[in-house]
Structures are given as C-alpha cells and as structure tokens.
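Below is one structure; the comments refer to it alone.
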Amino acid sequence: MIGPTSHIGAIFARRREHLKLTQADLAARLGKSQTYIARIEGGKRDPQWATVLEISRALELEPALIPRQSLPAVQAVLQLTASDEIPPLAGDTW
C-alpha cells in the first residue's frame with residue numbers, strides 16, 4: 001500500500017526487481033525511456049494517474065482506491081503470512 005506519490009516509485013522498483021526486469025525492460029514495455037523510469041522510481045518525477053495505471057499494468061499490479069476507514073482492515077490482511085490463522089472474511093467477525 002502506498003502513501004504519498006514519492007513512495008510509488010519505490011513500490012514500482014521493488015515489483016520490477018521481483019519480476020527480474022531492468023528499468024530498460026520496463027521502459028521498452030511502455031514505449032518510454034529508461035531515464036523516465038529511473039526518475040519515477042527515484043521519486044524525482046510524480047507520475048500522472050494514467051502513467052501510474054500504465055506502469056502498474058506492465059508490472060502485473062492492480063491499483064485500488066480504498067476508503068480511508070477501511071485502511072486498518074486492508075493493512076491487517078496485507079500483513080498476514082501463510083502461517084497465520086485466518087478468520088472468516090465475512091460476517092460479524094470482520
């Protein structure tokens with residue numbers, strides 16, 4: 001989950017590295033320059049929403065707009081590990 005736009009570049013960089021892509025690989029997928037990708041990942045450029053969507057899709061991510069009051073629940077789910085006992089995701093317990 002991201003906060004300010006300056007953090008989105010770091011999220012993109014981590015995901016790109018997870019996919020074993022170079023900045024040049026990602027840039028080629030998007031028809032952009034490697035320098036452009038580097039500036040976004042380095043927090044030197046705040047991408048427009050359309051660019052965030054484009055990069056997200058190229059990195060097999062799905063951006064989501066989450067109501068602020070739901071953030072604690074979303075953060076709790078994101079922090080679960082395979083060994084956690086998971087309660088039902090419906091009903092009165094959640």
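The values are calculated or read from the model by the stated rules, or taken from the named source; none is laboratory data. Predicted model, so just to flag it, every value in this text is computed and none were measured. So basically every Cβ, Gly included, is an ideal-geometry build from the backbone, and we count neighbours across all protein chains shown.
Quick one: in the stretch 52-65, which of the residues that are buried (at least 16 other Cβ atoms within 10 Å of the Cβ) and over 10 Å from the mean Cα position of the chain (by Cα) is farthest from GLU17 (Cα to Cα)?
GLU54
For the list (1) closer than 17 Å to ILE8 by Cα; (2) over 15 Å from the mean Cα position of the chain (by Cα), I need the number of the one condition that ALA82 fails.
The number of the failed condition is (1).
Anything in the stretch 51-91 that is among the acidic types (Asp, Glu) and modelled with pLDDT under 95? List them, or say none.
GLU62, ASP84, GLU85
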